[in-house]
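Q: Pasting a structure here, questions to come.
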Amino acid sequence: MKRLFLVASLVTAGLLAALAWLRVKEARVFSQPYRVRTFTGTNYVIQLTSVTVGRVHTNWLLILAARLENPNPFEVTLNREHFVLMDHDRDYYQPSTNGTQTALIRLPPRGVLERELFTYTVAGDAFEGMLSFLAGHQYFVLVKGPQPYQPHLRDGEFVTFHRRHW
Amino acid sequence: MQRIRNLLIAALIAVLSAVVVFQHYFSPGARRTVRTVDAPAVLRQIQSLQELATVRHTFQKVIGLEEEKIPFGSERVLMVVLAHVKAGVDLSALAPQDVRLGPGHHIALRLPPPKILDVYIDEKETKVYQRTKTWWTPWMPNNPALEQQARQAALESVQLAAMQSGILSNAQQNAQTALRVFLQAAGFQSVTFD
């Protein structure tokens, strides 16, 4: 009996450790940096840090937080509207440029923006499949995996993830 | 007889001419300045109004933000947020072709689309109601930025709620009313908006 308990504990601990390792790996994949280029050929680095999903009345908000780095000795200006989000139905969503988020993102010379936010108002069915984020004009970075997500959130409730499988 | 009549007519014409000349040069109204109104001048005047905030909505929202921790557990913050949203029209974006002057002191304007000019949280009325963490992950550190994230989520949701409540159409109507009053005070008899 004692031995069975020990084995069960070891198996449980092993499974938990494997799950933890998988989740840490997922988080690292989610937050990997991408070196991208503007349309004029200037390099910069973008790294997703978190994705927040929330509900406002009948709409859904998706807030992407990203770290932007400018390795150049000159200022780089990025157009926020180029950072579009695409869902599994190939519906495109443009980020909000009203109020708290300006239409142009200015990266100072050799500077870093630790937390730049991109806010999207998406349809409820956008969470039924994959969600991708267009970084620069080269990469579609996966924000959400193919499994459907049915958030049971009330108005004003938000959830933040640091990985793709949510 | 004929000569006297001609003289009288000539005298009458001379008197009338003198009256007309006197009226033209020496009456009080004769010294009024003549204003010339051209489209670039009006454009500059309107552009100088810059961002014309015409409506402000106030929202109180309860925001709950739950952050999933890596590898396990979660942290949650519940806030009551009071935020103000200001909307209006950015008149500095008005272009020369957006102002057209017509006959009879008429002006036609094409205003830029209304937009949200500012969203801000009223700090006095905003408070953290609850902050919790999963009890079985006591080793996980608290995220110091979680509250800031919740505030950001609140700002975004308030902005969306304001747009759903029709703040932009209100802003446009109010901007048209304000500009109509402004331009009529400046001498225009009719103001129309495209």
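None of the figures in this text is laboratory data; all of them are computed from the coordinates on show. These figures come from a predicted structure and were not determined experimentally. Don't worry about glycine lacking a Cβ; one is built from the backbone with ideal geometry, like all the others, and counts go over all protein chains shown.
Q: Suppose we flag trypsin sites (Lys or Arg not before Pro) only when DSSP calls them loop and at most 10 other Cβ atoms lie within 10 Å. Which is the longest uninterrupted stretch of chain B?
A: B:36-194
Q: Now, a different point. Between residue B:118 and residue B:173, what is the label-to-label distance in nm when each label sits 7 Å out along the Cα-to-Cβ direction?
A: In this crude label model, residue B:118 to residue B:173 measures out at 2.4 nm.
Q: What FRET efficiency comes out for the pair residue A:137/residue B:16, r = Cβ-Cβ distance, R0 = 56 Å, nearest 0.05?
A: Given R0 = 56 Å and the Cβ-Cβ separation, E is 0.10.
Q: So if I restrict to the alpha-carbon atoms in the protein assembly as shown, what is the Rg, and what is Dmax, the biggest pairwise distance, in Å?
A: 32.6, 154
Q: Shifting gears a bit: Cα centroid distance between region B:100-115 and region A:29-79, in Å?
A: 40 Å
Q: By how many degrees, 0 to 90 and rounded to 10, does the Cα axis of helix A:2-30 deviate from the longest principal axis of chain A?
A: 10 degrees
Q: Rounded to the nearest 500 deg cm²/dmol, what is the calculated helix-only ellipticity per residue at 222 nm for chain B, with -39500 (n - 2.57) per DSSP H run of length n ≥ 4?
A: Working: 4 runs with 72 residues, N = 194.
It lands at -12500 deg cm²/dmol.
Q: With N residues in chain B, what two-decimal value do you get for its Cα radius of gyration over 2.2 N^0.38 Å?
A: Values: Rg = 32.8 Å, N = 194, 2.2 N^0.38 = 16.3 Å.
Compared with the compact-globule rule of thumb, chain B sits at 2.01.
Q: Please quote Rg/Rh for chain A to two decimal places, taking the Kirkwood radius as Rh and restricting both calculations to Cα atoms.
A: Expressed as Rg/Rh, it is 1.09.
Q: Using modelled backbone amide H atoms (1.01 Å from N, in-plane), which distant-in-sequence or interchain residues come within less than 5 Å of residue A:156's amide H?
A: A:55, A:56, A:57
Q: Counting partner chain Cβ atoms within 10 Å of every residue's Cβ in B:159-167, what's the average? Working shown, then result.
A: Numbers: counts 9, 11, 5, 2, 6, 5, 1, 0, 0.
Rounded to a whole number, the mean comes out at 4.
Q: Work out the length of the dipole vector of the protein assembly as shown about its Cα centre, built from +1 on the beta-carbon of each Lys and Arg and -1 on the beta-carbon of each Asp and Glu, and round it to the nearest 20 debye.
A: Magnitude of the dipole: close to 560 debye.
Q: How far, in degrees from 0 to 90, does helix B:146-164 lean away from the longest principal axis of the Cα atoms of chain B, to the nearest 10?
A: Compared with the principal axis, the helix lies near 40 degrees.
Q: Using θ = phi - 60° and the Karplus relation 6.51 cos²θ - 1.76 cosθ + 1.60, list the HN-Hα couplings for region A:120-127 in order, rounded to whole Hz, with x at every Gly or Pro.
A: 3J(HN,Hα) across region A:120-127, in whole Hz: 10, 9, 10, 6, x, 7, 5, 8.
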